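Reviewing the structure listed below.
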Amino acid sequence: MRRRLSRPRSRRSRGPFRTPRWRLHGRSAATGPAADAALRTLIDRDANSSAYLIAEIYALRNDAKAIFEWLDRAWSNRDPGILNLHFDPFILRFRDDPRFAAFCRKVGLSVPGETSSRRKST
């Protein structure tokens, strides 16, 4: 007679890091009280390490003021997400905002749509 193998039990912790970051990201991008609570949880838990991610969430929510506040925080924390700035469809929706160009210049990135003033002479 063969013994039936049981499934391994889930090893979820009961601590503050129980909900995965990607799940909080998805929940907080929505609207409503549950989304607001998920965003608060993400900010409380990962504000220092996920500032760029939080800026993306505010971009999804169309909150331009908060986007640029969190992008500044991401830059201060040296968040590697900044490298995605020119490829991020959520953030790029705000490229016409003057704060976007100012932020790009601040961090040393080119401003999309702006031509370089330095041209090679031929």
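Note on residue 49/residue 111: beta-carbon distance plugged into 1/(1 + (r/R0)^6) with R0 of 41 Å gives a FRET efficiency of 0.90.
By the count of neighbouring beta-carbon atoms within 10 Å, fewest first, 53, 71 end up ordered 53, 71. Loop-located GluC sites (Glu not before Pro) in region 37-116 (DSSP state not H, G, I, E or B) with no more than 12 neighbouring Cβ atoms inside 10 Å: 114. Each peptide among 100-106, 84-90 gets the average number of other Cβ atoms lying within 10 Å of its residues, and from highest to lowest they stand as 100-106, 84-90.
Bear in mind that the values in this text are calculations on the coordinates, not laboratory data. What you are looking at is a predicted structure, and each value in this text was computed from that prediction instead of being measured. Cβ: placed from backbone, ideal geometry, glycine included. Neighbour counts: every protein chain shown.
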